[in-house]
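In what follows, a structure is listed as structure tokens, so that the remarks can point back to it.
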Amino acid sequence: MRSLAPATLAIVLALAPAAVRAQHWTCTSHASHHAIQLTAATTFTPAAAGWDVLPPPESITASGCSSAKSFFFSAPVAEGNYEVTVELGGNTPAVTTVKAEARRIMLARIATAANQTTTERFIVNVRVPQIAGDGEVHRKPREMNSLDWDNKLTLEFAGDHPSVRSIAIRPAPAYTHTVYLAGDSTVVDQDLEPWAAWGQMLPAFFDSHIAIANNAESGETIRSFESENRFAKIFSVIKPGDYLFFQFAHNDQKPGRGYVSPEQYTELLDKYIAKARAAGATPVLVTSMNRRSFDATGHITDTLAPYPETMRKVAQDQHVALIDLNAMSKQLYEAIGEPHSTSLFVYAPANTYPNQPVALHDDTHFNAYGAWELARCVVLGIQQDKLPLAKFLRPQPPFDPSHPDAASAVALPQTPFFDATKPYER
């Protein structure tokens, strides 16, 4: 890493709940006896916070830390929810997006003028694979180095000259509720560009009363989610007042040993709805979004039958909240139209990304724009169902899947890590 001049970035980190005391890092030359002076040469270790993943920001001045490209900061913490407060801005105009862990969008496109600052707050969920007193999650090879499964809280600052003046991290207040997500590659925190999923967009829509714990993983069925101890992990930490969102079908329907029949699908939904309720949590069913499959008349064809209808029936029979993402995605794709709907998915000419010699054509997995629009659909479903969760949504323009946002209005900055390989599927 390059050695840059120290400056006035003040970083206050209250570490794990079990920490003896809060710890304070500062870049100023006026550090008090309560603070540790932080310089551009300070790097993350398992025992100390610091710049991580990539070199530190290119500019560290009295106005803050900024760069022409993404930079990362990590703090060692225990599993749990953490309240993060960032003061964004610097001596030049900036548009900063803050991501956490494996590309979860926490703050999207926060604009600051030169010498202007704004303070924002959000909750980050940190988890480890170990399950208290009962083994651990059976992870796939792709998960072994994921920022979603470690003992640190990682933040990425990205965008148009991203700039941060201070960061504070402390254990989340007791009033924080957690939304757990159980699902597949269309929900998971996709850690590499150009892939994205709606679960990693969802945190940006909530204020600092809500944590999003995205436990979804590529290739999962509702049965494998059970056998790999992913449900066990959730139920080891879920508490009264939390939520559990389920979205499965894309892999459950595939022939072979991974196949989950509609009857088994129903049985497992019933089982985990009951477990969520027994834990004092609220179950929410989310029907799987459609694939990009149009008929000759420009309408979406149903490639997921009978699973969306099966989930609708379970919701009705069990009196469970239902977010019909299947129906809303149909509206969304048809509104954009077949020729332009590729803008939602991972379509790219050869050599668009590093080490991508062939074109990408994927009608199941989404880019950031598509994932954002699906998250908007999920948020709309939360509002339509009048879930108590809705009162913690950040103010947003009204959304109608039949009148989607323009791609240019979303335009999330890319994380500088790419992989042309399609996400794991069964």
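FYI, it's all coordinate maths here, none of it is from the lab. Remember, predicted model here, so these are calculated numbers, not experimental data. For neighbour counting, all protein chains shown are included, and Cβ atoms are generated from backbone atoms with ideal geometry for every residue, glycine included.
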> What does the helix-only formula give at 222 nm for the chain: each DSSP H stretch with n ≥ 4 adding -39500 (n - 2.57), the total divided by the residues, and the result rounded to the nearest 500 deg cm²/dmol?
Replying inline: -5500 deg cm²/dmol
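Quick one: compute a quarter of the convex hull surface over the Cα atoms of the chain and quote it in nm².
Numbers: hull surface 82.9 nm².
Seen from a random direction, the Cα hull of the chain projects 20.7 nm² on average.
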> Considering the dipole of the chain built from charges on the beta carbon (Lys and Arg +1, Asp and Glu -1) around the Cα centre, which of P339, N326, P397 is farthest to its positive end?
Replying inline: P397
> What size of dipole, in debye to the nearest 20, comes out for the chain about its Cα centre when the only charges are +1 on Lys and Arg C-beta atoms and -1 on Asp and Glu C-beta atoms?
Replying inline: 840 debye
> Hey, rough spin-label estimate for E263 and E309, points 7 angstrom out along Cα→Cβ, what's it come to in nanometres?
Replying inline: 1.8 nm
> What share of the DSSP beta bridges in the chain is antiparallel, in percent to the nearest 5?
Replying inline: 70 percent
>> Using DSSP H assignments, which helices in the chain have an axial alpha-carbon span of 18 Å or above and a mean Kyte-Doolittle hydropathy of -0.5 or higher?
In response: 368-384
>> Suppose we keep just the DSSP beta bridges with both residues in the range 175-410; what percent of those would be antiparallel, to 5?
In response: 25 percent
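Which FRET efficiency value, to the nearest 0.05, is calculated for Q116 and A174 with the Förster distance at 35 angstrom and r the Cβ-Cβ distance? Mind dumping the intermediate values first?
Details: r = 33 Å, r/R0 = 0.96.
Once rounded, the FRET efficiency stands at 0.55.
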>> Using Cα-Cα distances under 8 Å and only pairs 6 or more residues apart, what relative contact order does the range 126-169 have, in percent?
In response: 37 percent
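For S166, S218, what's the fewest-to-most ordering of other Cβ within 10 Å of each Cβ? Present the calculation step by step, with values, prior to reporting the outcome.
Numbers: S166 19, S218 23.
Result, fewest neighbours first: S166, S218.
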> For the range 150-166, what does the Karplus curve 6.51 cos²θ - 1.76 cosθ + 1.60, with θ = phi - 60°, yield as ³J(HN,Hα) per residue in whole Hz, taken in order and with x for Gly and Pro?
Replying inline: 8, 9, 8, 9, 10, 10, 10, 10, 9, x, 8, 6, x, 9, 9, 9, 8
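What does the charge dipole of the range 105-215 about its Cα centre add up to, to the nearest 20 debye, if the Cβ of each Lys and Arg holds +1 and the Cβ of each Asp and Glu holds -1? Don't skip to the end; give the middle numbers.
Values: 9 positive and 13 negative charges, 59 e Å.
Dipole about the Cα centre, nearest 20: 280 debye.
At a 10 Å Cβ-Cβ cut-off, how would you order V187, V86, fewest neighbours first? Walk me through the numbers before you get to the answer.
Working: V187 32, V86 26.
Fewest-to-most ranking of V187, V86: V86, V187.
When S70, S146 are ordered from fewest to most other Cβ atoms inside 10 Å of their Cβ, what list results? Mind dumping the intermediate values first?
On the way: S70 20, S146 17.
The order, fewest Cβ neighbours first, is S146, S70.
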> Cα-based count: Lys pairs in the chain below 16 Å, eight or more positions apart or different chains?
Replying inline: 8
> Relative to the Cα centre, what is the charge dipole magnitude of the range 175-410, using +1 at the beta carbon of each Lys and Arg, -1 at the beta carbon of each Asp and Glu, and rounding to the nearest 20 debye?
Replying inline: 600 debye
